[in-house]
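FYI, it's all coordinate maths here, none of it is from the lab. Keep in mind it's a predicted model, so treat the numbers as computed, not measured. Ideal geometry is used to build each Cβ from the backbone, glycine not excepted, and the neighbour counts take in all protein chains shown.
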Amino acid sequence: MITELRITDLGVINDAVLSLHPGLTVVTGETGAGKTMIVTSIDLLLGGRADAKGVRAGARRAVVEGRFAEISDDTVRRVREAGGELDADGEPRDDGEPGDDAELLVARQITPNGRTRAFVGGAQVPVGRVEELVGDLVTVHGQSEQIRLAGRDRQRELLDRFAGPSQQQRLVAYRTCYDELRACQGELTRLRAEAQERAREIDLLRFGLIEIERVEPQPGEDVALAEEAQRLQAGDDLRAEAGTAIEALAGSDDEAGGALAGLAVARQAAERLAAADASAKPLAERVREVGYLLTDLAGDLSSYLAELEIQPGRLEQIAERRFELSGLLRKYGTSCDEVLAWSARAAERLDSLELADDLIGELERRIAALQARLDQLARELHDARVVAAELFVDQVRDELVALAMPHARLQFELTPIELGPSGGDQVDLLFSANPGSELRSLGKVASGGEMSRVRLALEVVLADAGGSVTFVFDEVDAGVGGAVAVEIGRRLALLAKHRQVIVVTHLAQVAAFADRHFVVVKSDDGQVTTSGVREVAERDRAVELARMMAGIETTESALAHAGELLELASR
């Protein structure tokens, strides 16, 4: 329930704080004072649409803050997942969760340029998520709800709500099945529509894979062949250079010489030095090492020269192979490695495309099973609605009798339609206010006052079916007066025994039943109109009720009538 509501610079309200309690709270005030801002503020806290024009003239922003108590575990979980936390000063429960005194702070800010921000449990959240997080804490019945009540979807929602938690479970199961069926049907449609394109792609992939398999490129083969061709083409020059290097090291074949011969002389001299002077031994060792290195180098150059022997026809073989590979490189990649990578991807893609036909068969079987399951769930929803409809209208009819509509008749008409997100029933609440009148759709035949009473009767009955802890009614008594208004006040008081009820009203007959009474007071300094909210003390209630009935001047008869109303309400 709401424990506190603070409004700053919204509409004509400059700054107002309402401390709210269980039971029935009424909000009254003269026309234009800003009573509806109370309902608007609560709706904003629940994620309702913000209007920049609602920001008070000259204010930087409008702010609405609400404190909620008795928060369900599901709401706590959602708030925490969004990054928020409850405000808890007392002892936690045995399971570590916040205690009964824990409160949830929700805030909404609106600027004159239309920007709006929302905070839930101290965490800023997207405005679009506010309803998802805390929308089930309060049920707001404003003028828009009266319009919604005339709609068949809303009537179906109310019927399902009356049918109880088991119906809600059936709805969840049905919608899960419905969503999966729609997804499978969409995938099947896509696969069938793409069948021709898929066949073309399969042919292209197969052709490419066959072509690559015929050529059998090897990793890095194109690079290796290019290097070998270059080496073969420069063979004469390479052999000449290698021969020159060998001759420089080892001398020509017909006479000794070269670097190795000179190094042999150096080695002998260095060894004589080492024999005569011990400090020269490292020098002799280094000369020997150089000799070993030069000998190895000369041998390696000779081996390299031997490998450069002319291979007849090899250059032509390389050219033919590179020509084969070039056909692949034009189509599938710029190198053999890229061609092989394309081949791997193509093989994988081909497998998935060839499985599509198998997937079509699986989808067809799955769709058939889901359709059968959906039909069964739809029948269960329909049967539960048929049972609930009779009980629901009987209980609502009893409430309407108490609301001075003894001859009112209600009937839920369930018409079979194509299966949709909520089943195969079109629900229409039929209504007749007078004997002999034909039952017709509620929204077409009910007057404003009748619609208000039907709406209240529905909520009184649904109060036992769970749902929100708090109900907010904006002028539920519109279009009625006299004894009917007294009965509306009485029913609201009965509803408030199980729920927190907040009512904006202009009728003293309704306000008399309040546990707490707030008045929106308007003041005007000639330039700016400002409204504030004050709680009416118990001793002043008769005066306030008399003012509501008599207008600006309170008469003795109005005071007497107000006293009678309070006495009636207390009984």
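If I go through the range 385-408 residue by residue, how many of them are surrounded by 21 or more Cβ atoms within 10 Å (Cβ to Cβ) and more than 14 Å from Phe431 (Cα to Cα)? Residues flagged as surrounded by 21 or more Cβ atoms within 10 Å (Cβ to Cβ) and more than 14 Å from Phe431 (Cα to Cα) within the range 385-408 amount to 3. Scan the range 450-473 and tell me whether some residue there is part of a loop (DSSP other than H, G, I, E, B), touching a helix residue (DSSP H, G or I) at 6+ places or on another chain (Cβ under 8 Å) and buried (at least 23 other Cβ atoms within 10 Å of the Cβ). Looking for residues that are part of a loop (DSSP other than H, G, I, E, B), touching a helix residue (DSSP H, G or I) at 6+ places or on another chain (Cβ under 8 Å) and buried (at least 23 other Cβ atoms within 10 Å of the Cβ), one finds none in the range 450-473, hence no.
Every residue, every condition in (1) without any contact (Cβ under 8 Å) to a residue 24 or more places away in the chain; (2) more than 30 Å from Leu188 (Cβ to Cβ); (3) part of a helix (DSSP H, G or I), yes or no:
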position: Ile318; (1), (2), (3): no, yes, yes
position: Ser326; (1), (2), (3): yes, yes, yes
position: Ala344; (1), (2), (3): yes, no, yes
position: Leu353; (1), (2), (3): no, no, yes
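Summed over the range 34-55, the residues that are buried (at least 21 other Cβ atoms within 10 Å of the Cβ) and either assigned to a strand (DSSP E or B) or over 29 Å from the mean Cα position of the chain (by Cα) (or both) give a count of 5. A residue that is within 23 Å of Glu316 (Cβ to Cβ), loosely packed, with under 13 Cβ neighbours inside 10 Å and free of Cβ contacts under 8 Å to residues at least 60 places away in the same chain occurs nowhere in the range 182-189.
Going through (1) farther than 30 Å from Gln311 by Cα; (2) surrounded by 13 or more Cβ atoms within 10 Å (Cβ to Cβ); (3) free of Cβ contacts under 8 Å to residues at least 40 places away in the same chain; (4) hydrophobic (A, V, I, L, M, F, W, C) one by one, Ile202 falls short only on (3). The C-beta contact set for the range 13-28 (first residue among the hydroxyl-bearing types (Ser, Thr, Tyr), second residue surrounded by fewer than 24 Cβ atoms within 10 Å (Cβ to Cβ), distance under 6 angstrom, 6+ apart or interchain) comprises Ser19/Glu4; Thr25/Arg516; Thr28/Val519. Scanning the range 328-342 for residues that are in a helix (DSSP H, G or I) and over 30 Å from Glu187 (Cβ atoms) yields Leu328, Leu329, Arg330, Lys331, Tyr332, Cys336, Asp337, Glu338, Val339, Leu340.
Being under 25 Å from Gln233 (Cα atoms), surrounded by fewer than 13 Cβ atoms within 10 Å (Cβ to Cβ) and over 47 Å from the mean Cα position of the chain (by Cα) is a condition met by at least one residue of the range 284-305. Within the range 13-35, being closer than 24 Å to Val127 by Cβ and touching a Gly at 6+ places or on another chain (Cβ under 8 Å) holds for Ile13, Asp15, Ala16, Gly34.
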